[in-house]
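> Structure incoming, see below.
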Ligand SMILES: Nc1ncnc2c1ncn2[C@@H]1O[C@H](COP(=O)(O)OP(=O)(O)O)[C@@H](O)[C@H]1O
Ligand SMILES: [Mg+2]
């Protein structure tokens, strides 16, 4: 096994609260990231993802626990660590007054790279980000997806060993997300270590080799997307709608003696019933043919990380 590039052990970030015990935004996270791995933190708003990323990025100090980035302690080696990381923060912080190319150039200079190298890097990264035609456009004139790609390009100026991406596609439309995923996938193929946070289960499934599911500053589960689904959910999910007022009553019946197999799990959401089962069509046939119940809509799908999260926390990833 190669040396991990990130090691966190019982990592804690506490924020003081007046007249009360400290609030633990990060409450004892332990994980390791291997070189070349694409590692994710999946969790809802407020889970502590950004706080963790800031500690990894050596811009926020930890309260307790151990943290090592590229073998270095961020408490002692902040500048060295920052010079070897690429960072894509949750909020874009590009310079709106400058054009796209200048943003890359200036950032390279900030890392102390010679002007000629910066110019070459800027052009190379504009091509990578598919922004060559926008090189001279002021950042303020770029779309959300373009700004995000430019921020990623900027994060690559110093040829980082690790790229940190905090919610890379939040707020983007589906088309812009796919363009971005494609770029991130290329980085992954080139062997760049990616650490990303997201509250989108499809993003985690697409991009992460391995991930931790985080809620309220704690790890709920860890594994590959496939292993998490295998461990914490069924193969298929049947979604049925009987109308807002009828769902609870129907769910009781499904759980009852003539209901579904005892291996199937029934979960009621405000607008629909989820049935966790190995064979969705078979469960549907039982509901319609044996029980004589007729859902307004029905859908059979594979289990996703969203289902894993629901199982582990009783809540949805996106509130
Ligand atoms: N500077 C701060 N002071 C106090 N509380 C904070 C601060 N930053 C974040 N928090 C709180 O810590 C928790 C985790 O925040 P954050 O790491 O931003 O979550 P996420 O990125 O997963 O949405 C939230 O409840 C947030 O309100
Ligand atoms: Mg965040």
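Quick note: the coordinates plus some simple rules give every number you see, no bench work behind them. As the structure is a prediction and not an experimental result, all values here were calculated from the model. We place every Cβ from the backbone using ideal geometry, glycine too, and count neighbours over all the protein chains shown.
> Over the stretch 234-302, what is the relative contact order in whole percent, taking alpha-carbon pairs under 8 Å and six or more residues apart? Kindly include the intermediate steps, with their values, before the conclusion.
Numbers: 117 pairs, mean separation 33.5, N = 69.
Rounded, it is 49 percent for the stretch 234-302.
> Another question about this same structure. Based on the Cα gyration tensor of the stretch 159-238, what are the three equivalent ellipsoid semi-axes, each the root of five times an eigenvalue, rounded to whole Å and given largest first?
Taking √(5λ) for each Cα gyration eigenvalue gives 23, 16, 13 Å.
> Another question, then. Any idea how far the Cα center of the stretch 235-262 sits from the one of the stretch 187-223, in Å?
Here the two parts' Cα centres lie 32 Å apart.
> A further question on this structure: Remind me, what semi-axes does the stretch 24-75 give for its equivalent ellipsoid, largest first in whole Å, using sqrt of 5 times each Cα gyration tensor eigenvalue?
Sorted largest first and rounded, they come to 17, 15, 9 Å.
> Turning to a different aspect of this structure: Name the residue, out of 281, 306, 205, whose mean-square fluctuation peaks in a Gaussian network model built on the chain with Cα pairs under 10 Å.
Comparing 281, 306, 205 in a Gaussian network model of the chain, the most mobile one is 281.
> For the chain, what is the relative contact order in percent, using Cα pairs closer than 8 Å and at least 6 residues apart in sequence? Kindly include the intermediate steps, with their values, before the conclusion.
On the way: 611 pairs, mean separation 60.4, N = 319.
Once normalised by length, the contact order is 19 percent.
> Once R0 is set to 41 Å, what does the formula 1/(1 + (r/R0)^6) return for the Cβ-Cβ distance between residue 127 and residue 32, expressed as a FRET efficiency to the nearest 0.05?
Efficiency at R0 = 41 Å is approximately 0.75.
> I'd like the antiparallel share, as a percent to the nearest 5, of DSSP beta bridges with both residues in the chain.
Counting only bridges with both partners in the chain, antiparallel ones make up about 65 percent.
> By how many degrees, between 0 and 90 and to the nearest 10, does the Cα long axis of helix 115-128 differ from the longest principal axis of the chain?
With rounding to tens, the tilt is 20 degrees.
> Still on this structure, I have one more. What number, rounded to the nearest 500 deg cm²/dmol, is the helix-based mean residue ellipticity at 222 nm of the chain, given -39500 (n - 2.57) per DSSP H run of at least four residues and division by all its residues?
Mean residue ellipticity, 222 nm, calculated: -10000 deg cm²/dmol.
> Just the projected area, averaged over all directions, of the convex hull on the alpha carbon atoms of the stretch 1-93: how many nm²?
For the stretch 1-93, averaging the hull's shadow over all directions gives 7.0 nm².
> Here is a further query. So how much slack lies between residue 102 and residue 248, counting 0.36 nm per residue of separation and subtracting their Cα-Cα distance, in nm?
Between residue 102 and residue 248, full extension yields 46.8 nm more.
> What full-extension length gain, to one decimal in nm, is calculated for residue 116 and residue 22 as 0.36 nm per residue of separation minus the Cα-Cα distance?
Fully extending the segment from residue 116 to residue 22 adds 28.9 nm.
> Which three numbers, in whole Å and largest first, are the semi-axes of the equivalent ellipsoid of the stretch 6-229 derived from its Cα gyration tensor as √(5λ)?
Details: eigenvalues 170, 79, 56 Å².
Semi-axes from the Cα gyration tensor: 29, 20, 17 Å.
> Report the residues of the stretch 13-40 in range of a label on residue 64: point 7 Å along Cα→C-beta, backbone N strictly under 16 Å from it.
Zone members listed by number: 13-17, 21-30.
> What is the Cα centroid distance between the stretch 1-76 and the stretch 298-319, reported in whole angstrom?
After rounding, the separation between the Cα centres reads 26 Å.
> Tell me, what does the Kirkwood hydrodynamic radius of the stretch 149-188 come to in angstroms if you use every pair of distinct C-alpha atoms? Could you put the intermediate results ahead of the total?
Details: mean 1/r = 0.0930 Å⁻¹.
One over the average 1/r among Cα pairs gives 10.8 Å for the stretch 149-188.
> Percent antiparallel among DSSP beta bridges with both residues in the stretch 234-302, to the nearest 5?
100 percent
> By how many nm would the segment from residue 222 to residue 290 grow when fully extended, if each residue of separation counts as 0.36 nm and the alpha-carbon distance is taken off?
20.6 nm
> Next question. Quote the FRET efficiency, to the nearest 0.05, computed for residue 137 versus residue 202 with a Förster distance R0 of 41 Å and r equal to the Cβ-Cβ distance.
0.85
> Arrange the following residues from fewest to most other Cβ atoms within 10 Å of their Cβ: 77, 105.
By the 10 Å Cβ count, ascending: 77, 105.
> Let me ask you something else. Please build a GNM for the chain, connecting alpha carbons under 10 Å apart, and tell me which residue among 139, 26, 248 fluctuates the most.
Ranking 139, 26, 248 by mean-square fluctuation puts 248 first.
> Put a dot 7 Å past each Cα toward the Cβ at residue 179 and residue 83; how far apart are the dots in nm?
Here the modelled spin labels are 3.5 nm apart.
> Pick from 18, 188, 54 the residue whose mean-square fluctuation is largest in a GNM of the chain, springs joining Cα atoms under 10 Å.
Judging by the Gaussian network model, the answer is 18.
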